[in-house]
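Please read the structure below before turning to the comments.
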Amino acid sequence: MGSVLYVLGIESTAHTFGCGVATSDGRVISNAKAEYTPKAGGIHPREASQHHASAAASTVSNALSAAGLTISQIDAVAFSTGPGLGPCLRTGATVARMLSLLSGKPLIPVNHCIAHIEVGRMCTGEEDPLVVYVSGGNTLVSAYSDGRYRIFGETLDVALGNCLDTFARALGLPHPGVPKLEVLADGGRSFIPLPYIVKGQDMSYSGLLTDAIRRSKDHDRSDLSLSLLEVAYGMLAEVAERALAHTEKPALLLTGGVARSRRLQRIMDAVCRDHGARFSVVPPDLAGDNGGMIAWTGYLAWREGITVDVEESYVKPKWRLDEVDVPWRRG
Ligand code: AMP
Ligand code: MG
């Protein structure tokens, strides 16, 4: 065996600028991040990208020093190429190109959604799970089949995390909204019917969000939070359960920022028990957007010869997970 290789990963799809280092023997050895918090409302893409530009140098240097490495000891540089907000992606890509040119090491494009899956597989040891990936910007039920991660259900409009965060903001709760809604929901006593919308294998959260906000004027906040979470998570559980029955995967992996929800974990665990599948969840420190997951997935891709020339390293704001070949899953 040769010596251990080090890959540095840059994440910048939305609110987080992250830089992490992963090793070829399957560890994330450092994971530095800086989070943009909007002054009001949701993410403003240009403000977020300006935040990332000013946080980049210190975040990269924190990640390198926590790993005990200098840039010349890095073997490759990976970056989150998409999907995400264009201005944010371009800032991260610029940093990654510069580090690649500076160190003379290859540049590796990484799909952000696949990185959430791969870091979950790495940490839990699940080889071939059905994946439920839930975050501020994405809601996907996916499983590997024949060279790619296939989609077995997704949101038709807003993401689960975005739906819940927007509702929390309407109640005047600060970001991140999901954990605050969960605390409120613990005090809920009665269920308020809200629009439950599953179309085929896809979910729609925007009507649910609009109705929940409308009802917040004349309903108890705890009851409404409880009802919103029950409906939103219930829709996801229905889709995940059908996907599990269809694919017959031996396990379900919950990943992404909202995977930290204990309530959602309990629901998915119950789905798994009904189907004789194992339930696993990504560790909390690797659940949200981070550079370590990009570094690890970059290593998997690089091992298969996947790199990109700096001149060709365009970002892909709408890069779907099922458009990406994942040769490291073959065999
Ligand atoms: P990501 O986009 O992957 O970084 O995830 C962000 C989402 O995770 C937002 O919707 C947050 O509200 C949500 N989130 C943050 N902390 C928690 C938590 N402790 N439990 C559940 N969701 C959380
Ligand atoms: Mg994410």
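The values are calculated or read from the model by the stated rules, or taken from the named source; none is laboratory data. All values derive from a computational prediction rather than experimental measurement. Here the Cβ positions follow ideal geometry from the backbone for every residue, glycine too, while neighbour counts run over all protein chains shown. Note: accessible area is taken over every heavy atom of the protein model, side chains too, but ligands, DNA and RNA are not part of it. Shrake-Rupley method; radii C 1.70, N 1.55, O 1.52, S 1.80 Å.
Please give the number of the condition L254 fails out of (1) open to solvent by 30 Å² or more (accessible area, probe 1.4 Å); (2) in contact (Cβ under 8 Å) with a residue 40 or more places away in the chain. Unmet condition: (1). Counted as qualifying within segment 53-170 are the helices (runs of 4 or more DSSP H) with 2 or more residues that are open to solvent by less than 10 Å² (accessible area, probe 1.4 Å) and closer than 26 Å to G207 by Cα, namely 160-170.
Candidates S135, S103: the one that is touching a helix residue (DSSP H, G or I) at 6+ places or on another chain (Cβ under 8 Å), away from ligand 2 (no atom under 13 Å from the Cβ) and among the small types (G, A, S) is S103. If the condition is being open to solvent by 10 Å² or more (accessible area, probe 1.4 Å), within 16 Å of ligand 2 (Cβ to nearest atom) and out of contact with any helix residue (DSSP H, G or I) (no Cβ under 6 Å at 6 or more places or on another chain), then segment 16-35 contributes K33, E35.
When E47 is tested against (1) closer than 25 Å to H175 by Cβ; (2) open to solvent by 10 Å² or more (accessible area, probe 1.4 Å); (3) in contact (Cβ under 8 Å) with a residue 24 or more places away in the chain, only condition (3) is not met.
State whether the residues of segment 206-228 include one that is closer than 24 Å to A143 by Cβ and buried (at least 16 other Cβ atoms within 10 Å of the Cβ). Scanning segment 206-228, I find no residue that is closer than 24 Å to A143 by Cβ and buried (at least 16 other Cβ atoms within 10 Å of the Cβ), so the answer is no. One residue stands out among those in segment 155-210 that are among the small types (G, A, S), within 16 Å of ligand 2 (Cβ to nearest atom) and touching a strand residue (DSSP E or B) at 6+ places or on another chain (Cβ under 9 Å): the one that is farthest from R242 (Cα to Cα), which is G161.
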